[in-house]
1. Rounded, prolate or oblate: which one fits segment 89-173, using the alpha carbon gyration tensor with axes a ≥ b ≥ c (rounded when a/c is under 1.5, else prolate when a/b beats b/c, else oblate)?
2. Please report the carbon-and-sulfur percent of the accessible area for segment 33-143; probe 1.4 Å, protein heavy atoms only, DNA, RNA and ligands left out.
3. Any lysines with Cα under 20 Å of the LYS231 Cα? List them, leaving off those in the same chain fewer than 8 positions away.
4. Looking at the square roots a ≥ b ≥ c of the eigenvalues of the Cα gyration tensor of the chain, which shape do they give, rounded for a/c under 1.5, prolate if a/b is larger than b/c, or oblate?
5. In what sequence, highest mean first, do 107-113, 240-246 appear when ranked by Cβ atoms within 10 angstrom?
6. Pairs of alpha-carbon atoms within less than 8 angstrom and 6+ residues apart define the contacts here; what relative contact order does segment 201-283 have, in percent?
7. Rounded to the nearest 5, what is the percent of antiparallel bridges among the DSSP beta bridges in the chain?
8. Counting alpha carbon pairs within less than 8 Å and at least 6 residues apart, what relative contact order, in whole percent, applies to the chain?
Amino acid sequence: MEAAAKTSASFTLSWRRRILFSVVSRALAAVSRRDGTVNRRILKFIDFRTPASSKPINGVKTYDIVVDSTRKLWFRVFVPTQQSIEDLPVIIFFHGGGFVFLAPDQDIYDVFCRRLSRKLPAIIVSVGYRLAPEHRYPDQHDDCFDVLKFLDDEENCSKSLPEKTNISRCFVAGDSAGGNLVHHVAQRACEFNFQRLKVNGVLAIQPFFGGEERTNSEKKFDGKAPLASLKQTDWYWNVIMPPCESYNRDHPVINVSGPMAVDISKLDFPATMVVVAGFDFLYDWQKRYCEWLKKSGVEVYLVEYTNMFHAFYVFPELPESEQLMWDVKEFIQNVLMKVNLKKNGMEKMVAENGE
């Protein structure tokens, strides 16, 4: 299913956003060293965090759960307070930041996940995974998948999520680097025998993919589109991959639909919503991902915002950011409706056959 493109194909940035993007880009360049390390001491000066709050803020309460203290794996739970818990989907969310930056308790993701929890509504589990370059592939992927296994355990789930949470109504979601993670986690979930948790759908918001080829969108928007450039994305790939491992950018972790792609055509890969933006540096890789999913037999929902840029959704004042909330809500409702119809059909068949 391909949704109509949202809004017209013109690109404008207010002077405030231009200044913000300029500051962020310069800050990232300043802390990203040539030797593949990160100056996290400088980063602390722009590292704005939001503590969890049991008192609802904008109709959503939050709390933090530690999964594994030895590797500092944790997640923040967002719970809308005006809804019946058993009816809510559970969205396990992986944040962006090039696998190197950001966390669930940083302001932009606390605000975004709070909005998502309230608007859908849904229980959001925002995962704090280990970051590169201190922790390289596959640590991030293992952390994110381990959260699913943690919540599949009945005791862990009952202690971590609200009473009556239905973990069989689960979705996995992520933006940018998190959109990359979400694909690989969903793939692994297809090959794992969960007891209670079920991944019904995948939400990939402007996923971060790449390859040896320099695509048209990369060449067109290099140094012009906000928050991405060839220099920066190449640096991200270099610091996430193990230094001892011989690889190029067509590695299946990076180029999921490329020449070394893992065949998912025989997997029951969940319905997937892919969000793209016309002025995203990564646009071509994201569109190729959609086409590859379709060829692999996956039900794909492509939603395109033609005049938006990378990470537009973190600006709640943008109409497109609000529209994204409605598009995600529609996707989840459609998927769960199909799941229910399939389940009811199976139950009816069993009742009729007496088996």
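The values are calculated or read from the model by the stated rules, or taken from the named source; none is laboratory data. This one's a predicted model, so the numbers in the text were calculated from it and none came from an experiment. Quick reminder, even Gly has a Cβ in these numbers, built from the backbone with ideal geometry, and neighbours come from all protein chains shown. The protein model used for the area step is the full one, side chains on, heavy atoms only, and it has no ligands, DNA or RNA in it. Shrake-Rupley method; radii C 1.70, N 1.55, O 1.52, S 1.80 Å.
1. oblate
2. Exposed carbon and sulfur together represent 53 percent of the surface.
3. Straight-line reach from LYS231, under 20 Å: LYS219, LYS220.
4. It is rounded, given that a/c, with a ≥ b ≥ c, falls under 1.5.
5. 107-113, 240-246
6. The normalised contact order for segment 201-283 reaches 55 percent.
7. Antiparallel: roughly 35 percent of the beta bridges in the chain.
8. This gives 18 percent for the chain.
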